[in-house]
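*Asks:* Mind looking over this structure? Questions follow.
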Amino acid sequence: MTETVLITGCSSGIGRETAHCFLEDGWEVYATARNPADIEALGEAGANIATLDVTDEDDVERVVDRIIDEEGRIDCLVNNAGYAQLGPVEDVPVERVKDQFEVNVFGPHRLAREVLPHMRERRTGTIVNVSSLAGRVATPGMGIYNGSKFAMEGISDALRPEVDDYGIDVVLVEPGPVDTAFMDRVSDEIDGLERSGAYESLYDVLADTEAIGGGGPGAIPPRRVAETILDAANLTDPAARYPVGQIAKVSVLARFLPAKLQDKLYGLVFSLASKNPLGD
Ligand code: NAP
(Lines give C-alpha, C1' and ligand atoms only; values in the text may rest on other atoms or scores of the structure.)
Protein backbone atom coordinates (compact mmCIF):
# COMPACT_ATOMS: atom_id res chain seq x y z
CA MET A 1 0.00 0.00 0.00
CA THR A 2 1.06 3.57 -0.67
CA GLU A 3 2.71 5.56 2.10
CA THR A 4 0.44 8.21 3.62
CA VAL A 5 1.29 11.69 4.87
CA LEU A 6 -0.76 14.20 6.86
CA ILE A 7 0.35 17.83 6.45
CA THR A 8 -0.96 20.86 8.35
CA GLY A 9 -1.12 24.45 7.05
CA CYS A 10 -1.27 23.68 3.31
CA SER A 11 -3.04 26.90 2.27
CA SER A 12 0.24 28.54 1.28
CA GLY A 13 4.03 28.60 1.50
CA ILE A 14 5.98 25.63 2.83
CA GLY A 15 2.88 23.50 3.53
CA ARG A 16 1.55 23.83 0.00
CA GLU A 17 4.95 23.04 -1.56
CA THR A 18 5.38 20.08 0.77
CA ALA A 19 2.04 18.65 -0.36
CA HIS A 20 3.16 18.98 -4.01
CA CYS A 21 6.53 17.36 -3.28
CA PHE A 22 4.96 14.32 -1.59
CA LEU A 23 2.40 13.99 -4.43
CA GLU A 24 5.20 14.03 -7.03
CA ASP A 25 6.98 11.32 -5.02
CA GLY A 26 3.90 9.07 -5.16
CA TRP A 27 2.66 9.41 -1.59
CA GLU A 28 -1.01 9.41 -0.58
CA VAL A 29 -1.30 13.01 0.62
CA TYR A 30 -3.79 14.41 3.13
CA ALA A 31 -3.40 18.15 2.74
CA THR A 32 -5.19 20.18 5.40
CA ALA A 33 -6.01 23.83 6.04
CA ARG A 34 -8.34 25.96 8.12
CA ASN A 35 -10.24 27.01 5.00
CA PRO A 36 -10.80 24.18 2.50
CA ALA A 37 -11.25 26.68 -0.36
CA ASP A 38 -7.52 27.46 -0.01
CA ILE A 39 -6.53 23.88 -0.88
CA GLU A 40 -8.98 23.10 -3.70
CA ALA A 41 -6.12 23.25 -6.22
CA LEU A 42 -4.21 20.65 -4.20
CA GLY A 43 -7.33 18.45 -4.37
CA GLU A 44 -7.33 18.85 -8.15
CA ALA A 45 -3.63 17.90 -8.16
CA GLY A 46 -4.45 14.58 -6.46
CA ALA A 47 -4.35 15.29 -2.72
CA ASN A 48 -7.10 14.32 -0.30
CA ILE A 49 -8.16 17.57 1.34
CA ALA A 50 -9.56 18.18 4.80
CA THR A 51 -10.43 21.08 7.05
CA LEU A 52 -8.10 21.20 10.04
CA ASP A 53 -7.47 24.02 12.47
CA VAL A 54 -4.60 22.79 14.66
CA THR A 55 -6.15 24.52 17.70
CA ASP A 56 -9.32 22.42 17.35
CA GLU A 57 -9.20 19.04 19.11
CA ASP A 58 -12.27 17.75 17.19
CA ASP A 59 -10.73 18.64 13.81
CA VAL A 60 -7.54 16.79 14.70
CA GLU A 61 -9.41 13.67 15.86
CA ARG A 62 -11.78 13.68 12.88
CA VAL A 63 -9.00 13.98 10.27
CA VAL A 64 -6.77 11.31 11.85
CA ASP A 65 -9.77 8.93 12.18
CA ARG A 66 -10.65 9.54 8.53
CA ILE A 67 -7.13 8.72 7.34
CA ILE A 68 -7.03 5.53 9.42
CA ASP A 69 -10.49 4.52 8.05
CA GLU A 70 -9.48 5.20 4.45
CA GLU A 71 -5.80 4.15 4.42
CA GLY A 72 -5.24 2.18 7.61
CA ARG A 73 -1.93 3.98 8.19
CA ILE A 74 -0.17 7.31 8.70
CA ASP A 75 3.49 7.03 7.75
CA CYS A 76 4.37 10.67 8.19
CA LEU A 77 2.95 13.68 10.03
CA VAL A 78 4.25 17.09 8.97
CA ASN A 79 3.52 19.70 11.63
CA ASN A 80 3.94 22.77 9.44
CA ALA A 81 1.14 25.19 10.41
CA GLY A 82 2.48 28.18 12.30
CA TYR A 83 2.84 31.94 12.48
CA ALA A 84 5.02 34.46 14.28
CA GLN A 85 3.85 36.78 17.02
CA LEU A 86 6.65 39.33 16.93
CA GLY A 87 7.02 42.38 19.17
CA PRO A 88 8.96 43.31 22.32
CA VAL A 89 8.21 40.79 25.07
CA GLU A 90 6.70 43.42 27.40
CA ASP A 91 4.28 44.67 24.74
CA VAL A 92 2.76 41.27 23.92
CA PRO A 93 -0.31 40.55 26.08
CA VAL A 94 -0.56 37.12 27.69
CA GLU A 95 -3.62 36.24 25.55
CA ARG A 96 -1.51 36.61 22.42
CA VAL A 97 1.26 34.50 23.91
CA LYS A 98 -1.36 31.82 24.55
CA ASP A 99 -2.61 32.11 20.95
CA GLN A 100 0.97 31.72 19.68
CA PHE A 101 1.56 28.60 21.75
CA GLU A 102 -1.88 27.19 20.80
CA VAL A 103 -0.85 27.11 17.14
CA ASN A 104 2.93 26.54 17.26
CA VAL A 105 3.23 24.23 20.28
CA PHE A 106 -0.08 22.76 21.48
CA GLY A 107 -1.20 22.15 17.86
CA PRO A 108 1.79 19.95 16.94
CA HIS A 109 1.53 18.19 20.32
CA ARG A 110 -2.20 17.53 19.74
CA LEU A 111 -1.45 16.03 16.32
CA ALA A 112 1.48 13.96 17.59
CA ARG A 113 -0.67 12.47 20.39
CA GLU A 114 -3.36 11.54 17.87
CA VAL A 115 -1.07 9.84 15.32
CA LEU A 116 1.42 8.18 17.69
CA PRO A 117 -0.83 5.26 18.78
CA HIS A 118 -1.26 4.31 15.10
CA MET A 119 2.46 4.65 14.38
CA ARG A 120 3.34 2.63 17.50
CA GLU A 121 0.92 -0.11 16.46
CA ARG A 122 2.64 -0.45 13.08
CA ARG A 123 6.08 0.19 14.62
CA THR A 124 6.97 2.76 11.99
CA GLY A 125 6.47 6.43 11.18
CA THR A 126 8.07 9.86 11.01
CA ILE A 127 6.98 13.09 12.67
CA VAL A 128 8.49 16.14 11.00
CA ASN A 129 8.16 19.31 13.04
CA VAL A 130 8.75 22.50 11.08
CA SER A 131 10.67 24.63 13.53
CA SER A 132 12.94 27.52 12.54
CA LEU A 133 16.34 29.10 13.03
CA ALA A 134 14.24 31.04 15.57
CA GLY A 135 13.96 27.78 17.50
CA ARG A 136 17.74 27.70 17.91
CA VAL A 137 18.76 31.34 18.31
CA ALA A 138 16.69 34.00 20.10
CA THR A 139 16.66 37.62 18.91
CA PRO A 140 15.13 40.79 20.37
CA GLY A 141 11.64 41.48 19.02
CA MET A 142 11.00 37.77 18.44
CA GLY A 143 10.84 36.50 22.02
CA ILE A 144 7.34 35.01 21.92
CA TYR A 145 7.89 33.30 18.56
CA ASN A 146 11.33 32.15 19.80
CA GLY A 147 9.66 30.75 22.92
CA SER A 148 7.17 28.75 20.84
CA LYS A 149 9.80 27.29 18.51
CA PHE A 150 12.25 26.58 21.38
CA ALA A 151 9.36 24.71 23.03
CA MET A 152 8.79 22.72 19.86
CA GLU A 153 12.51 21.86 19.79
CA GLY A 154 12.55 20.76 23.44
CA ILE A 155 9.45 18.60 23.08
CA SER A 156 10.85 17.02 19.90
CA ASP A 157 14.22 16.27 21.53
CA ALA A 158 12.44 14.52 24.41
CA LEU A 159 9.99 12.65 22.18
CA ARG A 160 12.66 11.31 19.80
CA PRO A 161 14.27 8.85 22.25
CA GLU A 162 10.87 8.07 23.83
CA VAL A 163 9.53 6.63 20.57
CA ASP A 164 12.76 5.32 19.07
CA ASP A 165 12.09 1.74 20.21
CA TYR A 166 8.77 1.84 18.33
CA GLY A 167 10.57 2.56 15.05
CA ILE A 168 9.31 6.16 14.98
CA ASP A 169 11.56 9.04 13.91
CA VAL A 170 11.15 12.64 15.08
CA VAL A 171 12.77 15.27 12.88
CA LEU A 172 13.15 19.03 13.26
CA VAL A 173 13.38 21.11 10.08
CA GLU A 174 14.87 24.54 10.78
CA PRO A 175 14.73 27.03 7.92
CA GLY A 176 16.12 30.55 8.00
CA PRO A 177 14.12 33.12 5.98
CA VAL A 178 11.83 31.55 3.37
CA ASP A 179 10.09 33.37 0.54
CA THR A 180 6.44 32.88 1.63
CA ALA A 181 3.50 35.00 2.79
CA PHE A 182 4.72 34.50 6.38
CA MET A 183 5.55 38.19 6.93
CA ASP A 184 2.05 39.37 5.88
CA ARG A 185 0.55 37.99 9.08
CA VAL A 186 3.56 39.22 11.08
CA SER A 187 2.68 42.83 10.17
CA ASP A 188 -0.92 42.36 11.33
CA GLU A 189 0.20 40.81 14.60
CA ILE A 190 2.61 43.69 15.34
CA ASP A 191 0.07 46.35 14.32
CA GLY A 192 -2.38 44.91 16.87
CA LEU A 193 -0.04 45.50 19.83
CA GLU A 194 -0.50 48.31 22.34
CA ARG A 195 2.94 49.92 22.44
CA SER A 196 4.42 50.85 25.79
CA GLY A 197 6.62 53.48 24.11
CA ALA A 198 9.75 51.91 25.60
CA TYR A 199 10.93 49.99 22.54
CA GLU A 200 10.50 52.27 19.53
CA SER A 201 13.94 51.51 18.04
CA LEU A 202 13.10 47.82 18.20
CA TYR A 203 9.84 48.50 16.32
CA ASP A 204 11.90 50.38 13.70
CA VAL A 205 14.06 47.30 13.18
CA LEU A 206 10.95 45.10 13.01
CA ALA A 207 9.39 47.49 10.47
CA ASP A 208 12.51 47.16 8.29
CA THR A 209 12.24 43.38 8.56
CA GLU A 210 8.54 43.57 7.60
CA ALA A 211 9.40 45.76 4.60
CA ILE A 212 11.92 43.15 3.44
CA GLY A 213 9.25 40.46 3.93
CA GLY A 214 9.76 36.77 3.33
CA GLY A 215 11.56 37.48 0.07
CA GLY A 216 14.51 39.41 1.54
CA PRO A 217 18.16 38.80 0.72
CA GLY A 218 19.14 35.20 1.40
CA ALA A 219 15.54 33.97 1.60
CA ILE A 220 15.13 30.54 0.06
CA PRO A 221 12.18 29.25 -1.97
CA PRO A 222 9.68 27.13 0.01
CA ARG A 223 10.47 24.24 -2.35
CA ARG A 224 13.89 23.85 -0.68
CA VAL A 225 12.25 23.31 2.70
CA ALA A 226 9.62 20.99 1.20
CA GLU A 227 12.32 18.81 -0.40
CA THR A 228 14.15 18.58 2.93
CA ILE A 229 10.93 17.45 4.63
CA LEU A 230 10.32 14.80 1.94
CA ASP A 231 13.91 13.56 2.14
CA ALA A 232 13.64 13.19 5.92
CA ALA A 233 10.37 11.27 5.55
CA ASN A 234 11.94 8.88 3.02
CA LEU A 235 15.06 8.13 5.08
CA THR A 236 15.09 5.09 7.36
CA ASP A 237 17.41 6.85 9.80
CA PRO A 238 16.99 10.64 9.43
CA ALA A 239 19.01 13.21 11.39
CA ALA A 240 17.47 14.85 14.44
CA ARG A 241 17.52 18.32 12.83
CA TYR A 242 17.95 19.85 9.39
CA PRO A 243 18.84 23.55 9.14
CA VAL A 244 17.73 24.71 5.67
CA GLY A 245 19.47 27.50 3.72
CA GLN A 246 22.79 29.26 4.23
CA ILE A 247 21.43 31.81 6.72
CA ALA A 248 20.12 29.05 8.97
CA LYS A 249 23.33 27.04 8.71
CA VAL A 250 25.62 29.98 9.52
CA SER A 251 23.44 31.87 12.04
CA VAL A 252 22.90 28.80 14.20
CA LEU A 253 26.59 29.09 15.14
CA ALA A 254 25.55 32.13 17.23
CA ARG A 255 24.47 29.53 19.81
CA PHE A 256 28.15 29.05 20.61
CA LEU A 257 28.77 32.75 21.38
CA PRO A 258 28.70 33.75 25.05
CA ALA A 259 25.30 35.32 25.86
CA LYS A 260 26.91 38.63 26.92
CA LEU A 261 28.62 38.90 23.54
CA GLN A 262 25.36 38.13 21.71
CA ASP A 263 23.63 40.88 23.73
CA LYS A 264 26.37 43.38 22.83
CA LEU A 265 26.07 42.55 19.13
CA TYR A 266 22.30 43.07 19.22
CA GLY A 267 22.80 46.36 21.09
CA LEU A 268 25.13 47.49 18.33
CA VAL A 269 22.66 46.51 15.60
CA PHE A 270 19.85 48.42 17.30
CA SER A 271 21.88 51.56 17.85
CA LEU A 272 22.92 51.53 14.19
CA ALA A 273 19.35 50.88 13.04
CA SER A 274 17.78 53.45 15.32
CA LYS A 275 16.54 56.56 13.55
CA ASN A 276 17.90 58.59 16.45
CA PRO A 277 21.06 56.75 17.53
CA LEU A 278 22.26 59.51 19.88
CA GLY A 279 18.98 59.41 21.74
CA ASP A 280 18.25 63.15 21.39
P1 NAP B 1 2.68 30.85 5.53
O2 NAP B 1 2.70 30.86 4.03
O3 NAP B 1 2.10 32.01 6.24
O4 NAP B 1 1.95 29.50 5.99
C5 NAP B 1 1.55 29.27 7.31
C6 NAP B 1 0.47 28.22 7.28
O7 NAP B 1 0.07 27.94 8.62
C8 NAP B 1 -0.76 28.68 6.52
O9 NAP B 1 -1.25 27.60 5.75
C10 NAP B 1 -1.74 29.02 7.64
O11 NAP B 1 -3.10 28.85 7.30
C12 NAP B 1 -1.34 27.93 8.63
N13 NAP B 1 -1.95 28.17 9.94
C14 NAP B 1 -1.84 29.23 10.76
N15 NAP B 1 -2.59 29.05 11.86
C16 NAP B 1 -3.20 27.84 11.71
C17 NAP B 1 -4.09 27.07 12.49
N18 NAP B 1 -4.57 27.51 13.67
N19 NAP B 1 -4.49 25.85 12.03
C20 NAP B 1 -4.05 25.38 10.85
N21 NAP B 1 -3.23 26.08 10.04
C22 NAP B 1 -2.80 27.28 10.48
O23 NAP B 1 4.15 30.70 6.11
P24 NAP B 1 5.26 29.58 5.89
O25 NAP B 1 6.53 30.32 5.75
O26 NAP B 1 4.86 28.61 4.87
O27 NAP B 1 5.26 28.91 7.35
C28 NAP B 1 5.14 27.51 7.57
C29 NAP B 1 5.96 27.11 8.77
O30 NAP B 1 7.34 27.43 8.53
C31 NAP B 1 5.59 27.82 10.08
O32 NAP B 1 5.57 26.88 11.13
C33 NAP B 1 6.73 28.81 10.29
O34 NAP B 1 6.95 29.09 11.64
C35 NAP B 1 7.89 28.07 9.65
N36 NAP B 1 9.00 28.93 9.20
C37 NAP B 1 8.80 29.91 8.28
C38 NAP B 1 9.88 30.71 7.89
C39 NAP B 1 9.74 31.83 6.88
O40 NAP B 1 10.66 32.69 6.79
N41 NAP B 1 8.71 31.87 6.08
C42 NAP B 1 11.15 30.48 8.45
C43 NAP B 1 11.32 29.46 9.39
C44 NAP B 1 10.23 28.68 9.76
P45 NAP B 1 -4.09 30.11 7.04
O46 NAP B 1 -3.87 30.47 5.59
O47 NAP B 1 -5.43 29.56 7.32
O48 NAP B 1 -3.69 31.19 7.98
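The values are calculated or read from the model by the stated rules, or taken from the named source; none is laboratory data. Everything numeric in this text was worked out from a predicted model, so none of it was measured. Here the Cβ positions follow ideal geometry from the backbone for every residue, glycine too, while neighbour counts run over all protein chains shown. Surface areas here come from the heavy atoms of the whole protein model, side chains and all, with no ligands, DNA or RNA. Shrake-Rupley method; radii C 1.70, N 1.55, O 1.52, S 1.80 Å.
*Asks:* To the nearest 20 debye, what is the magnitude of the charge dipole of the chain about its Cα centre, counting +1 on the Cβ of each Lys and Arg and -1 on the Cβ of each Asp and Glu?
*Replies:* In total the dipole reaches around 1040 debye.
*Asks:* Straight distance only, please: which aspartates and glutamates reach the Cα of K249 with their own Cα at less than 20 Å, same-chain residues fewer than 8 apart left out?
*Replies:* Within the straight-line limit of under 20 Å, K249 reaches these aspartates and glutamates: E153, D157, E174, D179, E227, D231.
*Asks:* If you roll a 1.4 angstrom probe over the protein chains with everything in place, what fraction of the accessible area of the chain belongs to carbon and sulfur, to the nearest %?
*Replies:* Percent of accessible area from carbon and sulfur atoms in the chain: 52.
*Asks:* Have a look at G167, G192, G143 and tell me which one the Gaussian network model of the chain (Cα, springs below 10 Å) gives the largest fluctuation.
*Replies:* Comparing G167, G192, G143 in the GNM, the peak value goes to G192.
*Asks:* Between L253 and S187, how many nm apart are label points set 7 Å from Cα along the C-beta direction?
*Replies:* Taking the simple label geometry, L253 and S187 are separated by 3.4 nm.
*Asks:* Angle between the Cα long axis of helix 259-273 and the longest principal axis of the chain, 0 to 90 degrees, nearest 10?
*Replies:* 70 degrees
*Asks:* Which value, in Å², gives the accessible area per residue of the chain when a 1.4 Å probe is used on the protein heavy atoms?
*Replies:* Ligands and nucleic acids excluded, the result is 47 Å² per residue.
*Asks:* Run the numbers on the chain and let me know its relative contact order in percent, using alpha-carbon pairs under 8 Å that are six or more apart.
*Replies:* 19 percent
*Asks:* Tilt of helix 57-71 relative to the longest C-alpha principal axis of the chain, in degrees (0 to 90, nearest 10)?
*Replies:* 40 degrees
*Asks:* What's the extension gain from D204 to T51 if we count 0.36 nm per residue and subtract their Cα-Cα distance?
*Replies:* Extending this stretch completely gives an extra 51.3 nm.
*Asks:* Which Rg and Dmax, in Å, describe the Cα atoms of the stretch 16-156?
*Replies:* Here Rg and the maximum Cα pair distance are 16.0, 47 Å.
*Asks:* Still on this structure, I have one more. Any idea what angle helix 107-122 forms with the longest principal axis of the chain, computed on alpha-carbon atoms, 0 to 90 degrees, nearest 10?
*Replies:* Helix 107-122 sits roughly 30 degrees off the main axis of the chain.
*Asks:* Now for a separate question. When all C-alpha to C-alpha distances in the chain are sorted into bins of 5 Å, what percent of pairs does each bin hold, rounded to whole numbers?
*Replies:* 1, 6, 12, 17, 19, 16, 12, 8, 5, 3, 1, 0, 0, 0
*Asks:* Something else about it: Could you order peptides 132-140, 254-262, 26-34 by the average number of other Cβ atoms within 10 Å of their residues, highest first?
*Replies:* 26-34, 132-140, 254-262
*Asks:* Considering all projection directions equally, how large on average is the shadow of the alpha-carbon convex hull of the stretch 80-167, in square nanometres?
*Replies:* The Cα convex hull of the stretch 80-167, projected and averaged over all directions, gives 5.6 nm².
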